[in-house]
Amino acid sequence: HALHHGRSGPALRGRLRIELTDADPLQGHGELIAWSEEPEGFAIFRVPDGLLVWCQAAGVYRIDADAGMITTSPRGASDVWEHRLSTTVLPLLLAERGDLALHAATVFDGPRAVAFCGTSGRGKSTLSAALGLSGHLVSAEDGTVLSDLDDRPLVWPGPIGVRVEAQPWARLGGHPDRRASLENAVRR
């Protein structure tokens, strides 16, 4: 799987490695720490070497934060797998290293970042797309990670682009070629 929406951030954390496997990463025992059945099955387990994330639509991810490694057994559509990786699994890895992970969209207003937190389906992505189309730099639309909270906070960039349904996109006045419009908005 190629990461079509990935972008690199500051190199302060070193390199993170993502390994694909056909093996079953669900092996072993762990403590269930989060579970959701809506809108799709999703669970997080604490295991001896880190975290295990299971997503009904995207597969399994094993997070070893100390090694900076994610081992994954993808399933389903590659864009769903990559979205879950970049907006949930990578922020969880960084949270295990001491950063603050938020379920939030983040845009820049000059040198400052503004984060819009909320549950799924409440409009974070649509708001960030609207702000991106109006000239603001979109840093993340679903998962935001902050580090250096005691000094000068650093907002880590999320994936390139914003996932918005066609109808809200049209209402925002976005170009029919969504990728071109948002990539231009993200690069400003």
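The values are calculated or read from the model by the stated rules, or taken from the named source; none is laboratory data. Keep in mind it's a predicted model, so treat the numbers as computed, not measured. Heads up, the Cβs are rebuilt from the backbone with ideal geometry, glycines too, and the neighbour counts pull from every protein chain shown. In case anyone asks, the SASA skips ligands and DNA or RNA and just uses the protein heavy atoms, side chains included. Shrake-Rupley method; radii C 1.70, N 1.55, O 1.52, S 1.80 Å.
Pairing residues of segment 31-45 that are part of a strand (DSSP E or B) with residues that are of a type in the set (A, V, I, L, M) and open to solvent by 50 Å² or more (accessible area, probe 1.4 Å), at Cβ distances under 6 Å and at least 6 apart in sequence or on separate chains, gives Ile44/Ile33; Phe45/Leu32. May I ask you to list the residues in segment 11-46 that are farther than 17 Å from Ser73 by Cα, open to solvent by less than 70 Å² (accessible area, probe 1.4 Å) and modelled with pLDDT of 90 or more? Of everything in segment 11-46, nothing turns out to be farther than 17 Å from Ser73 by Cα, open to solvent by less than 70 Å² (accessible area, probe 1.4 Å) and modelled with pLDDT of 90 or more. The set of residues in segment 118-140 being out of contact with any Lys or Arg (no Cβ under 8 Å at 6 or more places or on another chain) and among the hydrophobic types (A, V, I, L, M, F, W, C) consists of Leu127, Ala129, Ala130, Leu131, Leu133, Val138, Ala140. Filtered by the rule that a residue be modelled with pLDDT of 85 or more and either in contact with a Gly (Cβ under 9 Å, 6 or more places away or on another chain) or within 14 Å of Leu172 (Cα to Cα) (or both), segment 104-126 gives Ala104, Ala105, Thr106, Val107, Phe116. Pairing each residue of segment 111-136 that is under 20 Å from Glu40 (Cα atoms) and touching a residue at least 12 places away in the same chain (Cβ under 8 Å) with any residue that is basic (Lys, Arg) and open to solvent by 60 Å² or more (accessible area, probe 1.4 Å), provided the two are 6+ apart or on different chains, yields C-beta distances under 9 Å for Ser125/Arg163. Return yes or no: is Gly143 in contact with a Lys or Arg (Cβ under 8 Å, 6 or more places away or on another chain) and either modelled with pLDDT of 75 or more or within 22 Å of Leu90 (Cα to Cα) (or both)? No: the conditions fail for Gly143. Selection of segment 47-77 for residues being part of a strand (DSSP E or B), without any contact (Cβ under 8 Å) to a residue 24 or more places away in the chain and open to solvent by 30 Å² or more (accessible area, probe 1.4 Å) yields only Asp64.
Would you call Ser78 closer than 19 Å to Ser147 by Cβ, of a type in the set (Ser, Thr, Tyr) and modelled with pLDDT under 85? Considered against the rule, which asks whether it is closer than 19 Å to Ser147 by Cβ, of a type in the set (Ser, Thr, Tyr) and modelled with pLDDT under 85, Ser78 comes out as no. For Ala105, indicate whether it is open to solvent by less than 10 Å² (accessible area, probe 1.4 Å), within 25 Å of Leu133 (Cα to Cα) and touching a Phe, Trp or Tyr at 6+ places or on another chain (Cβ under 8 Å). Against the criterion (open to solvent by less than 10 Å² (accessible area, probe 1.4 Å), within 25 Å of Leu133 (Cα to Cα) and touching a Phe, Trp or Tyr at 6+ places or on another chain (Cβ under 8 Å)), Ala105 qualifies.
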